[in-house]
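Input: a single structure, listed below in structure tokens.
Throughout, read-outs are computed from the coordinates displayed, never taken from laboratory work. Remember, predicted model here, so these are calculated numbers, not experimental data. Note that we place each Cβ from the backbone using ideal geometry, even for glycine, and neighbour counts take in every protein chain shown.
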Amino acid sequence: MKEEVRSAFRFIPSVNELLSHPEVLEASGGVSIPVLKSWVQQVVEEYRAKLLNGKLPVPSDRNSALLAIVALAKGLISDWRAPRVGPAINATGIILHTGLGRAVYPESVLESVAEDLTSYVNIGVDRRTGKRIERDELLEPILTELTGAESATVVNNNAAATMIVLAALCAGKEVVVSRGQLIRNWGVVPPTRCDETEWGSVG
């Protein structure tokens, strides 16, 4: 059987032939030739492996091999082109789930920033003077007015926010930290000069 399969390998079309096949080109959605070539090479290897493992019928001629490998290519290319990120239902009970994108943006917010996202914006430049400024200079007045806080800043992750809060409010004081969070945010507490007390268990 193995010899029969290996003998059928001669019916497998070349990579160049597959690259110019109308159905393969249509399935590719116009990706660049180097990317498509890489995909086709993987398809050929996959086809060979499936033949050897008995997962596909052994072709009896060149045409049957071409039909089979084109069908396989269309399926695999469709999978590779499929979006890796998309809408999901959060049924975890965790409102701000890091694995599901945290907070959901209201449509009104998306509409208000849509224009800014398609052009340059002065996130670090003063409109009046044209000079560079710290980004917090634009945000701090708004955030302090909304929250009543003495000062405000924005960071892009929870660990940085935790470090800033601890450094500002808890330096030299005892901080009770969940062991689970301690493992996740390892190295955050020591730089803040806090007296760390672990609580709970991991996992």
Tell me the label-point distance for the pair GLU45, VAL85, using the 7 Å Cα-to-Cβ offset, in nm and rounded to one decimal. 2.7
FRET efficiency for THR144 and VAL35, using Cβ-Cβ distance with R0 set to 41 Å, rounded to 0.05: 0.25
Applied in sequence order to the range 5-21, the curve 6.51 cos²θ - 1.76 cosθ + 1.60 (Karplus, θ = phi - 60°) yields integer Hz couplings, x standing for Gly and Pro, of 5, 4, 5, 6, 4, 5, 7, 5, x, 6, 4, 4, 5, 5, 4, 9, 6
Which distance in nm do the two modelled labels at THR197 and SER78 give, with both placed 7 Å along the Cα-to-Cβ direction? 6.0
With charges only on Cβ, +1 for K and R and -1 for D and E, what is the dipole size of the range 2-81 about its Cα centre, in debye, rounded to 20? 160
Which whole-Hz ³J(HN,Hα) couplings does the range 25-34 yield from phi under the Karplus relation 6.51 cos²θ - 1.76 cosθ + 1.60, θ = phi - 60°, glycine and proline marked x? 4, 5, 5, 6, x, x, 5, 5, 4, x
Taking amide H positions as placed 1.01 Å from N in the peptide plane, with prolines and chain starts having none, which residues 5 or more places from GLU196, or on another chain, fall under 5 Å of its amide H? VAL175
Relative contact order (percent, whole number), the range 6-68, Cα cutoff 8 Å, 6+ residue spacing: 55
Taking LYS74 as the anchor, which aspartates and glutamates have their alpha carbon closer than 19 Å to its alpha carbon, excluding any fewer than eight residues away along the same chain? GLU17, GLU23, GLU26, GLU45, GLU46
For the range 51-187: relative contact order, % (alpha-carbon pairs under 8 angstrom, 6 or more apart): 7
Mind listing which trypsin sites (Lys or Arg not before Pro) in the range 121-169 are in a DSSP loop and have 15 or fewer other Cβ atoms within 10 Å? ARG127, ARG128, LYS131, ARG135
The answer for VAL125, listing residues at least 5 apart or on another chain whose modeled amide H is closer than 5 Å to its amide H, is ILE133
Counting all C-alpha pairs of the chain, share separated by more than 25 Å (%): 66
Once you mark the GluC sites (Glu not before Pro) that are in a DSSP loop and have at most 11 other Cβ atoms within 10 Å, what is the longest gap between them in the chain? 1-133
With the contact rule set at Cα under 8 Å and sequence spacing of 6 or more, what percent relative contact order holds for the range 85-152? 13
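Under the 0.36 nm per residue contour assumption, what length would be gained going from the current alpha-carbon distance of VAL165 and VAL109 to full extension?
Length gained between VAL165 and VAL109: 17.4 nm.
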Would you kindly derive the ³J(HN,Hα) couplings of the range 67-73 from the backbone phi angles with the Karplus curve 6.51 cos²θ - 1.76 cosθ + 1.60 (θ = phi - 60°), listing them in order in whole Hz, with x for Gly and Pro? 4, 5, 6, 5, 4, 5, 4
Using the Cα centre of the chain as origin and beta-carbon charges of +1 (Lys, Arg) and -1 (Asp, Glu), tell me which of MET163, ALA65, ILE95 is placed farthest towards the positive end of the dipole. ALA65
